[in-house]
Amino acid sequence: MNAALLLLADSRLPAGGHAHSGGTERAVASGAVCDVPSLARFLGGRLRTSGALAAALTAAAHLQASRTPGGNAAEAGQESPWMRLDAEVDARTASPAQRDASRTQGRLLLRVARRVWPSAVLDELARDVPSPHHPIALGVAAHAAGATSEEAAMAAAYHAISGPATAAVRLLGLDPVAVHRLLADLAPDLTTVAAEAHSAAADACPGIHLAPRWEALPAYSAPALDLLAEQHARAEVRLFVS
């Protein structure tokens with residue numbers, strides 16, 4: 001395992017991830033999450049829907065970073081590959097509140113990654129899409145840090161459950177050891193999701209000499225999470241941004 005993966009998945013990375021609950025705050029307010037068993041169901045569902053989607057998109061961004069030749073696509077009269085991939089993420093993110101949160105986290109991660117792992121491809125992404133969706137920023141950052149596509153997918157899958165788990169501890173005062181036991185129990189599912197995400201991204205981006213088929217990427221949906229995000233965006237009192 002690349003050591004950079006640990007840095008990317010660390011909640012202490014100063015990229016603003018601690019400010020987002022991934023829907024947990026509104027789920028707690030609605031009563032859907034109230035204890036450890038209900039949190040386990042919430043995290044499991046989140047991993048297999050939005051987490052799996054984020055993992056596949058992150059792996060796709062990593063593979064695109066591997067094939068990007070550099071240079072200014074606009075000056076060459078070509079559409080930026082990052083703008084195309086970013087549009088694919090947009091199309092798979094139904095909730096405006098979710099899109100805003102993803103772009104906020106992506107922008108902050110991109111800013112941090114450019115300082116920690118200076119890279120021409122990170123600079124290219126920042127030029128073409130200053131506020132990319134979080135999976136794109138994460139995939140490119142993982143590439144710049146020397147991680148593999150599957151490791152990048154693993155970081156995305158872990159991010160999808162670790163942040164919400166930490167938020168639940170803060171919101172409900174749950175036993176942090178019990179919550180980390182939940183995360184440990186989900187480890188096999190994390191491995192499966194990351195492997196499936198890498199496979200799906202590799203199928204959509206088969207090689208440097210073939211054009212990517214981003215439309216073939218998964219499009220998992222989680223309507224309940226979308227509704228929670230929209231409710232949270234309209235809430236007058238919030239501890240977390242999303």
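The values are calculated or read from the model by the stated rules, or taken from the named source; none is laboratory data. A quick note: this is a predicted structure, and the numbers were derived from the prediction, not measured. Neighbour counts are summed over all protein chains in view; Cβ atoms, including those assigned to glycine, are modelled from backbone coordinates with ideal geometry.
Looking only at the range 172-186, count how many residues are surrounded by fewer than 18 Cβ atoms within 10 Å (Cβ to Cβ) and either closer than 17 Å to Ala52 by Cα or touching a residue at least 24 places away in the same chain (Cβ under 8 Å) (or both). Talk me through it step by step, then tell me what you get.
Just the residues of the range 172-186 that are surrounded by fewer than 18 Cβ atoms within 10 Å (Cβ to Cβ), to begin with: 172-173, 175-178, 180-181, 183-185.
Narrowing further to those that are either closer than 17 Å to Ala52 by Cα or touching a residue at least 24 places away in the same chain (Cβ under 8 Å) (or both): 172, 175, 178, 183, 185.
Qualifying residue count for the region: 5.
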Of the conditions (1) at positive phi; (2) at pLDDT below 80; (3) small (Gly, Ala, Ser), Gly31 clears all except one; give me its number. (2)
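Go through the range 116-195 and tell me which helices (runs of 4 or more DSSP H), entirely inside it, have 2 or more residues that are closer than 30 Å to Ser38 by Cβ. First the steps, then the outcome.
Numbers: elements: 120-128, 134-144, 149-172, 176-185.
Counting at least 2 such residues, we get 134-144, 149-172, 176-185.
So in the range 208-242, with the set limited to residues that are in a helix (DSSP H, G or I) and of a type in the set (D, E, K, R), which one is farthest from the chain's Cα centre (by Cα)? Outline the logic, then answer.
Step one: list which residues in the range 208-242 are in a helix (DSSP H, G or I), which gives 214-216, 223-234.
With the extra rule that they be of a type in the set (D, E, K, R), the set shrinks to 215, 226, 230, 234.
On the way: Glu215: 18, Asp226: 15, Glu230: 19, Arg234: 23 Å.
If we take residues in the range 208-242 being in a helix (DSSP H, G or I) and of a type in the set (D, E, K, R), then Arg234 is farthest from the chain's Cα centre (by Cα).
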Can you run down the residue pairs with Cβ atoms below 7 Å, 6 or more apart or on separate chains, where the first is in the range 11-25 and under 10 Å from Ser242 (Cα atoms) and crowded, with 18+ Cβ neighbours inside 10 Å and the partner is charged (D, E, K, R) and at pLDDT 80 or above? Gly22/Arg46; Glu25/Arg238
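Which is in contact with a helix residue (DSSP H, G or I) (Cβ under 9 Å, 6 or more places away or on another chain), surrounded by fewer than 19 Cβ atoms within 10 Å (Cβ to Cβ) and more than 22 Å from His20 (Cβ to Cβ), of Asp203, Asp189, Asp226?
Working: Asp189 fails: more than 22 Å from His20 (Cβ to Cβ); Asp226 fails: more than 22 Å from His20 (Cβ to Cβ).
Unique residue meeting the criteria: Asp203.
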What about Ala40, is it surrounded by fewer than 20 Cβ atoms within 10 Å (Cβ to Cβ), touching a His at 6+ places or on another chain (Cβ under 9 Å) and either on the phi > 0 side of the Ramachandran plot or assigned to a helix (DSSP H, G or I) (or both)? no
In the range 206-223, the residues that are surrounded by 11 or more Cβ atoms within 10 Å (Cβ to Cβ) and within 18 Å of Gln98 (Cβ to Cβ): Leu217, Pro218, Ala219, Tyr220, Ser221, Ala222
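Residue-wise test of (1) within 28 Å of Ala229 (Cβ to Cβ); (2) surrounded by fewer than 24 Cβ atoms within 10 Å (Cβ to Cβ).
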| residue | (1), (2) |
| --- | --- |
| Arg99 | yes, yes |
| Val121 | no, yes |
| Glu124 | no, yes |
| Pro130 | yes, yes |
| Leu138 | yes, no |
| Gly146 | no, yes |
| Met154 | yes, no |
